[in-house]
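See below for the structure under consideration.
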Amino acid sequence: MADLVLKNAKMVTPFGVREGGIAIENEKIVAIGTDNSLPPAPEVIDCRGMVMLPGVFDPHVHLGGRTPYEENIVTETTSAAAGGVTSFLQYLRSADPEYKVVKERIDFASKLSLIDTSFHFIISGLEQAKDIENFSKKFEIATFKFYMGGYSEGNPIGIVTADDGVLYAGMERIRNVGPYNFCMVHAEDNALVEMFTEEIKHSGRNDLQAYTDSRPDFVEEQDILRAIWMAELLGCPLYIPHVTIGAAIDAALAANHRGARIILETCPHYLGLTTDHPAFEGDRAGIGKVSPPLRDKVNQDRLWDGLAKGYISTVGSDHVPIEKSGGALWEERPGFAGMATILPVMLTEGYLKGRIGLETIAAVTALNPAKLFGYYPQKGSIEIGSDGDIVLCDLQKEQVVGPLSTHSRFTSAFEGQTLKGWPILTIRRGEIIFREGEVLALPGSGRILARNGS
Ligand SMILES: [Zn+2]
């Protein structure tokens, strides 16, 4: 006797897409097979032929920037559950040498998160870079992000740019804190961004293309090339989040052929939107503001091709919970809330447009991030022994992106747009946490995940 059985689904497993169902017992998947091969259970759900994917493992989330963290961890994991996200990795930052914010947030997350979670850490300065081995032992975190640029001094978010010295000191240590260790870089060169921004602001332009022109493709490429060069020099694994340009794929492929370990991530907004999208016309330009910026169709096509061919390994939301008006382009904050729309964007723009298959969606949204960061086979896959983390999607369901569909009051990049293919049921470790438009999980029912071997 199992606890829960799901039947009559189109299951996306690492071994292909199969008709049938699964049984979950004590939080784990205990059987996969044809409907009549499954054990009995007190609750049996008929999936009516809907697509069953592994619960999304979102590798890229920022919480607590504007709203208190203890509030965000509840509201945004509620939104995540509605989007079929069952695990996520969040970036922490702490300016003080005692890392007080880190302790505080891990504590809040364990008490309040609705879904399972773990952490990356953002390095603010040389002192922290030199303390990476100590920090890694203390908090069991092996992934460290550096802002190579893009956020000038005095930025309201409080991000500290890492120069080559900081990056070098960081990589020298990150290479020793494995397994599943990565240096991560926000790749946008400060000097170039500052110069172009000054020029373009002065010209009086206020359209979204003006913002993109203030941080052009080659500004990102320059830092990616510099980060790859240093990663090869020091033998440090490198994970490049939120890649927007085709040139990143070329650079990573060439380096990996030389024996480097370079992993690329992109985000749904770069896959589903371009700078010239009509949604960002006029006084709505600031809605589309994000860093790195939205690009053109040529780059977007290369990102889809990169996903299809396996050159881009993961898709992360880069979720930033902020409310945006769209006006005052240069003052508007970059970023948007994105966890709830990862799957709808991948299904609408990827699968239903024939750009990628369901297996690729399962790989880049769940299996690959879980593997890379050390949570597979517990997470990321529909297979026997894995956690019962499941999302059921209705490929016919159309919804407008907004608070009703995303269960978040924060602005989405896709605000007001209709997407097709939405989660209708989310299961986290065998517990139904989202059903019929309602989030059912309780705050604190999510867990802090331990990396394999830690
Ligand atoms: Zn970033």
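Within the stretch 158-173, work out how many residues are within 16 Å of the ligand (Cβ to nearest atom), under 17 Å from W229 (Cβ atoms) and part of a loop (DSSP other than H, G, I, E, B). Summing the residues that are within 16 Å of the ligand (Cβ to nearest atom), under 17 Å from W229 (Cβ atoms) and part of a loop (DSSP other than H, G, I, E, B) in the stretch 158-173 gives 1.
Being within 23 Å of G65 (Cα to Cα), buried (at least 20 other Cβ atoms within 10 Å of the Cβ) and either at pLDDT below 95 or not assigned by TED's automatic domain parsing to the domain that holds V102 (or both) holds for only one residue in G149, G125, G158, G154, and it is G149.
Could you list all residues from the stretch 371-430 that are of a type in the set (D, E) and surrounded by 20 or more Cβ atoms within 10 Å (Cβ to Cβ)?
Here is the first cut: in the stretch 371-430, the residues of a type in the set (D, E) are 383, 387, 389, 394, 398, 415.
Across the stretch 371-430, the qualifying residues are D387, D389, E415.
For residues in the stretch 65-104 being out of contact with any Asp or Glu (no Cβ under 8 Å at 6 or more places or on another chain) and small (G, A, S), which is nearest to T341 (Cα to Cα)? Per the stated criteria, the residue is G83.
Let's see how each residue does on (1) over 30 Å from R205 (Cβ atoms); (2) within 14 Å of the ligand (Cβ to nearest atom); (3) modelled with pLDDT of 95 or more; (4) not assigned by TED's automatic domain parsing to the domain that holds Q396:
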| site | (1), (2), (3), (4) |
| --- | --- |
| D301 | no, no, yes, yes |
| Y311 | yes, no, yes, yes |
| R333 | no, yes, no, yes |
| T341 | no, no, yes, yes |
| V345 | no, no, yes, yes |
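Residues in the stretch 35-51: is at least one surrounded by fewer than 19 Cβ atoms within 10 Å (Cβ to Cβ), touching a Ser or Thr at 6+ places or on another chain (Cβ under 9 Å) and more than 24 Å from L372 (Cα to Cα)? No: zero hits. Candidates E76, E104, E71: the one that is touching a Ser or Thr at 6+ places or on another chain (Cβ under 7 Å), of a type in the set (D, E) and outside any strand (DSSP E or B) is E76.
Of the helices (runs of 4 or more DSSP H) lying entirely inside the stretch 342-438, those carrying at least 1 residues that are out of contact with any Cys (no Cβ under 8 Å at 6 or more places or on another chain) and free of Cβ contacts under 8 Å to residues at least 12 places away in the same chain are 368-372, 403-406.
Is it true that some residue in the stretch 56-76 is among the hydroxyl-bearing types (S, T, Y), on the phi < 0 side of the Ramachandran plot and in contact (Cβ under 8 Å) with a residue 60 or more places away in the chain? The answer is yes, given that some residue of the stretch 56-76 is among the hydroxyl-bearing types (S, T, Y), on the phi < 0 side of the Ramachandran plot and in contact (Cβ under 8 Å) with a residue 60 or more places away in the chain. Set side by side, the residues S94, S87, S110, S37 differ, and just one is under 27 Å from V345 (Cα atoms) and either in contact (Cβ under 8 Å) with a residue 40 or more places away in the chain or polar (S, T, N, Q) (or both), which is S87. Could you tell me whether any residue of the stretch 253-270 is closer than 22 Å to D213 by Cβ and away from the ligand (no atom under 16 Å from the Cβ)? No: zero hits.
Restricted to the stretch 313-324, and to residues that are of a type outside the set (V, I, T) and within 16 Å of the ligand (Cβ to nearest atom), which residue is nearest to L253 (Cα to Cα)? Once the filter is applied, the top-ranked residue is G316.
Listed here are the strands (runs of 3 or more DSSP E) enclosed by the stretch 1-50 that have at least 2 residues being under 28 Å from the mean Cα position of the chain (by Cα) and within 17 Å of D389 (Cα to Cα): 4-13, 16-25, 28-33. Taking (1) under 23 Å from R215 (Cα atoms); (2) in contact with a helix residue (DSSP H, G or I) (Cβ under 9 Å, 6 or more places away or on another chain); (3) within 16 Å of the ligand (Cβ to nearest atom) in turn, N155 satisfies each apart from (2). Considering the stretch 219-247, the residues that are in contact with a Cys (Cβ under 6 Å, 6 or more places away or on another chain) and over 16 Å from V290 (Cβ atoms) include one that is farthest from the ligand (Cβ to nearest atom), namely C236. For the stretch 278-294, give me the residue count where each residue is crowded, with 22+ Cβ neighbours inside 10 Å and away from the ligand (no atom under 15 Å from the Cβ). Of the residues in that region, 5 qualify. Taken over the stretch 408-425, the criterion of being over 13 Å from A279 (Cβ atoms) and in contact with a strand residue (DSSP E or B) (Cβ under 6 Å, 6 or more places away or on another chain) is satisfied by S408, F410, K420, G421, W422, P423, I424, L425.
Among residues belonging to the stretch 45-100 that are more than 28 Å from T266 (Cβ to Cβ) and among the acidic types (D, E), point out the one that is modelled with the lowest pLDDT. Checked the stretch 45-100; the qualifying residue modelled with the lowest pLDDT is D96.
Name every residue in the stretch 346-366 that is of a type in the set (A, V, I, L, M) and either closer than 20 Å to H60 by Cα or touching a strand residue (DSSP E or B) at 6+ places or on another chain (Cβ under 7 Å) (or both), in order of residue number. Once the filter is applied, which keeps residues that are of a type in the set (A, V, I, L, M) and either closer than 20 Å to H60 by Cα or touching a strand residue (DSSP E or B) at 6+ places or on another chain (Cβ under 7 Å) (or both), the stretch 346-366 yields M346, L347, L352, L358, I361, A362, A363, V364, A366. If I ask for residues that are within 14 Å of the ligand (Cβ to nearest atom) and not in a loop (DSSP other than H, G, I, E, B), which ones from the stretch 109-152 would you list? Within the stretch 109-152, H120, F121, I122, T143, F144, K145, F146, Y147 qualify.
The values are calculated or read from the model by the stated rules, or taken from the named source; none is laboratory data. Since this is a predicted model, take the numbers as computed values, not measurements. Positions of Cβ are backbone-derived with ideal geometry, glycine not excepted, and every protein chain shown enters the neighbour counts.
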